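Below is one structure, written out as structure tokens; comments come after it.
The values are calculated or read from the model by the stated rules, or taken from the named source; none is laboratory data. This one's a predicted model, so the numbers in the text were calculated from it and none came from an experiment. Here the Cβ positions follow ideal geometry from the backbone for every residue, glycine too, while neighbour counts run over all protein chains shown. We work out accessible area using only protein heavy atoms, side chains counted, and drop any ligands, DNA or RNA first. Shrake-Rupley method; radii C 1.70, N 1.55, O 1.52, S 1.80 Å.
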Amino acid sequence: QVNLVESGGGLVQAGGSLRLSCAASGRTFSNYAMGWFRQGPGKEREFVASITWNGGSSNYATSVKGRFTISRDNAKNTVDLQMNSLKPEDTAVYYCAASSRSLGLTMPAWYDYWGQGTQVTVSS
């Protein structure tokens, strides 16, 4: 079992920045690839970013590429999402998730554990 707790969400104006953090506990954090997903009002959960177990490779949704950065610290059991140049369409509940797989990390179904989510609201 891996327990994930997100923090750092809030209300920000368009163009602003937020940094989300996800703290993991339980099984060995470095055994898992990590991802961030989001779900806006009336929308399906969508992939935002992922990072491999050692941080050697990351992947981003087209909509956030160049604005968001995912990083992890295996010594601290955390994965962060730095979000810059935020837009109103980034408004959503953001979830971190852990996957024992190394491929297919854009798909929610391939993740084993999920956090409870943190709300990000971007005002225009």
Long-range amide H partners of Gly10, meaning residues 5 or more apart or on another chain whose placed amide H is closer than 5 Å, are Val120, Thr121
Quick one: divide the alpha-carbon radius of gyration of the range 79-124 by 2.2 N^0.38 Å and tell me what you get. 1.35
In whole percent, what relative contact order does the chain give with Cα contacts below 8 Å and a gap of six or more residues? 36
How would you rank 28-41, 47-60, 4-17, highest first, on the average number of other Cβ atoms within 10 Å across their residues? 28-41, 47-60, 4-17
Cut-off under 5 Å, modelled amide H: who pairs with Thr91 long-range: Val122
Which value, in Å², gives the accessible area per residue of the chain when a 1.4 Å probe is used on the protein heavy atoms? 50
Based on Cβ point charges of +1 for Lys and Arg and -1 for Asp and Glu, what charge dipole magnitude is obtained for the range 31-124 about its Cα centre, in debye rounded to the nearest 20? 100
When the charge dipole of the chain is computed with +1 at the Cβ of Lys and Arg and -1 at the Cβ of Asp and Glu, the Cα pointing farthest to the positive end, of Gly104, Gly9, Tyr94, is that of Gly104
Gain in span if fully extended, Glu46 to Leu103, counting 0.36 nm per residue against the direct Cα distance: 18.9 nm
Where the accessible area of the range 50-110 is counted over protein heavy atoms with a 1.4 Å probe, how much of it, in %, is carbon and sulfur? 52
